[in-house]
Each structure stands twice: as C-alpha cells, then as structure tokens.
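Have a look at the structure below, then the notes.
Every number here is computed from the coordinates shown, using simple stated rules; none is lab data. Please read these numbers as outputs of a predicted model, since none were measured by experiment. Cβ coordinates were reconstructed from backbone atoms using ideal geometry, including for glycine residues, and neighbour counts include every protein chain displayed.
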Amino acid sequence: MNIAIVSSMPGNVMNLYRALKRVDQDLKVELLEGPAQKPYDVIFLPGVGHFEEAMRRLRENKMEKFLLNQVEKSFIVGICLGMQILFEESEESISAGPVRGLGFLRGSVTKLKADVLPHVGWNQVRFLDDRFKDLDGKHFYFVHSYRVVCDESLIVATCEYEEEFPAMVLKNGVMGIQFHPEKSHLAGKILLKRVLECASSRR
C-alpha cells in the first residue's frame, strides 16, 4: 500500500508518520510537499492552526489542484483541521465572509459553542459504524475550536463538548477525523489500522 502524507501545511506530520509505521512497519509512507505524478492508495491530510492559512498554503504549493485530481483515485483522510478543509467553507476567516474549502464533502465549519475554547484533551467518541464498533466509547485526543456541520448520513462517530459534533465522517473515498489518532495511543493505533482497512476495501 502506497501512502502519502501532505506536509505543505502546518500539521503533526512526523507524529502521523511514526504512528502509521507502528501500525505496519512495511507500509510505504512518503511526505508530500508538492504535487506528485505517481498514484497513492491513501493520502493523509493532517492539519493544525487556521483554516484560511491552511487553504492558502495548499494553493501556494499547488496541492489544492493535485488533491482535486486525486479525490477519485485515492482514499483521502483529513485529520483535525485537515478534516475541516474537506468541506465547502468555514467561518474561520481573517477576512470578511466565509473561506472556501476543498469541497469534497457537503457542509460547513463553524465555531464550537463551548464557553472554554479550544477543546483540548481526551474525550469519549461514540462510533455509529460497525467497522469501528470495538472502539465505541474509547477516548481520543482533541485540539480544536471549530466543528463541522453536515448531513447525518456522513457521520461515522460523534463526540460531546457542551454540544454534540461530528468526530469522524466518511463518504465514498473521503474520510475526516476531528481528533488526533496519532496522539491517541492504542485506540489511535487501532483506528488507523481500521482506516487503512477501509482504504483497502475500495481497491
């Protein structure tokens, strides 16, 4: 299985790289700063920080167009901010009005309603998809102030932080994970294994 991790925007790239190698030492994992000609089975899009800045970085590195071309060919997995930019737009903007995302999934990104932000630390995740049922109720590590608003049909898992929000989404070959599996110890390792199994089932 050929795997790429997009490294052209701020994210926990090396943590994710090491986490994937712990799942399977034989995985071929490349860091991708710019477009590549070769095909990938899975492309991970990790991200932390600001939505508008992340999209600017992707455009500067010609990665937005590359990802748009890959979405029908590869299994795309966005993590944390990477999950949010899979959607159509976000209100996390330093300019006036919403910021356009990649638009792979229908929905938008809004600020969490909690009094204390960001939402940082371990929190329980409830899985709605049988492929992840052994992880239902496990705790995963979160760091975010914004959440996705989308159709229920996309939601694979939920979490609660003064409101319920999607913790994981999936449609066809596009998956988003709001928490950090690479920081979530054994539960995170098991989840990444399941993610790769989902990708393999599409090949």
Hull shadow area, averaged, segment 38-139 [alpha-carbon convex hull, nm²]
8.3
Along the charge dipole of segment 67-165, pointing to its positive end and built from +1/-1 on Cβ of Lys, Arg, Asp and Glu, which listed residue (L102, V116, F142) has its Cα farthest out?
L102
With mean projected area of the Cα convex hull in nm² as the read-out, I listed (i) 10.3; (ii) 21.3; (iii) 15.9; which label goes with the value calculated from this structure?
(i)
Candidates F142, F127, F66, ranked by Gaussian network fluctuation over the chain, Cα under 10 Å, top entry
F66
May I ask you to list the lysines whose Cα is less than 17 Å away from that of K62, ignoring any residue fewer than eight positions away on the same chain?
K38
Over 24 Å between Cα atoms: which of K73/K183; K133/K193; K111/K193; K73/K193; K21/K171 fall into that group?
K73/K183; K111/K193; K21/K171
State whether segment 3-69 is rounded, prolate or oblate according to the following rule on the C-alpha gyration tensor (a ≥ b ≥ c being the square roots of its eigenvalues): a/c under 1.5 gives rounded; otherwise a/b larger than b/c gives prolate, and the remaining case gives oblate.
oblate
Only helices at least 20 Å long along their own axis, judged from Cα atoms, and with Kyte-Doolittle mean hydropathy of -1.0 or greater: name those in the chain from DSSP H.
185-201
Net charge within 12 Å of R57 by Cβ-Cβ distance, Lys/Arg positive one each and Asp/Glu negative one each, not counting R57 itself?
-2
Based on the alpha carbon coordinates of segment 49-100, what radius of gyration and maximum Cα-Cα distance (Dmax) apply, in Å?
11.2, 35
